[in-house]
Ligand code: FES
């Protein structure tokens, strides 16, 4: 995973919908930017010390700039509030090189995109990839209202037969019937979903059997962890020193290590970025991240220590 960063300048800010702004970022030195694949995101290092993740939504074929869409969260802890309230054109912004936890399966023959609200951002880049590669696709785009649906203008550039919008206020508050929509999809369609956790859980439940796990793809940006449930304490053993530490139910492995003065890499602290991935030497991890593949989880040889825990009473890590 790349750990590089880029200093950018905010070249433009556009209002895309109510409470959603698009930021166009260019290299501060005037250089071209590294290429990215659809589904990729940037880690954004805010001047107030916070780190946030935003999907790239511009055309992957044009890296003269990066575009990110940011929705103002009513419960913002300082990320979207800072971007919406303080960031101006001409300001500098440090970002990571593009990272991709939501890659498009380029061997797929048909693609279905289900986007809820600001979840349209990675999907927009994926639609552009489908168009560029002549792949059949369709989009279900859900939002509370047309006013709150970002990038509607850009979606006009695509075949309108492929675009299905569902606005709550235009349907008497009735949401899309996800079961019916998923059942109507071609069985070989790859389904990509990004949006509120409740939408992704519904899509996951509806498509798991009909489309198979390998054709279901989700971009989790926080919300409900893929594996939640009661938290238990366990013993942590560090290979290098043989040190034994107790991880209580209300602390993460990362927190316990920090308290004991260990310096371990981290970034998001939410199981979203992969910075804290650590090798497991014995014991069974209880994966609670959003990004490891099913194969990696099943192997149990590595884990993200900011959120994941142990299923066994003792867990030994390569630290
Ligand atoms: S710090 Fe980002 S996944 Fe752990």
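Each reported figure results from applying straightforward, stated rules to the coordinates on display, with no laboratory input. Quantities reported herein were computed from a predicted structural model and do not represent experimental measurements. Backbone-built Cβ (ideal geometry, glycine too); neighbour counts: all protein chains shown.
Structure notes:
- Helical contribution to [θ] at 222 nm, DSSP H n ≥ 4, -39,500 (n - 2.57), averaged over the chain, rounded to 500: -5000 deg cm²/dmol
- Each of 200, 216 has some number of other Cβ atoms within 10 Å of its Cβ, and from fewest to most they run 216, 200.
- Once the chain from residue 77 to residue 313 is taken as fully extended at 0.36 nm per residue, the excess over their C-alpha distance is 81.5 nm.
- Comparing the chain with the 2.2 N^0.38 Å rule of thumb, its C-alpha radius of gyration ratio is 1.04 (two decimals).
- Rg/Rh ratio calculated on Cα atoms of the range 30-103 (Kirkwood radius): 0.96
- Cα Rg over Rh - the range 234-317, Kirkwood: 0.92
- For the range 1-124, the square roots of the Cα gyration tensor eigenvalues, ordered a ≥ b ≥ c, give a/c of at least 1.5 with a/b no greater than b/c, which places it in the oblate category.
- The alpha-carbon positions of the range 122-270 define a convex hull whose volume is 191 Å³ per residue.
- Degrees between helix 197-211 axis and first principal axis of the chain (Cα, 0 to 90, nearest 10): 90 degrees
- Counting 0.36 nm for each residue step from residue 295 to residue 281 and taking away their Cα separation leaves a gain of 3.3 nm.
- Rounded to 5, the percent of DSSP beta bridges in the chain classed as antiparallel: 60 percent
- Acute angle (nearest 10 degrees) that the helix 120-132 long axis makes with the longest principal axis of the chain, alpha-carbon atoms: 60 degrees
- Cβ-Cβ FRET estimate between residue 161 and residue 264, R0 fixed at 35 Å, reported to 0.05: 0.10
- q = 0.22 Å⁻¹: log10 I(q)/I(0) that the Debye formula gives for the range 55-184, counting C-alpha atoms only: -1.47
- Prolate/oblate/rounded call for the range 151-207, Cα gyration tensor, a/c under 1.5 rounded: oblate
- Applying 1/(1 + (r/R0)^6) with r as the Cβ-Cβ distance of residue 12 and residue 183 and R0 = 41 angstrom yields a FRET efficiency of 0.45.
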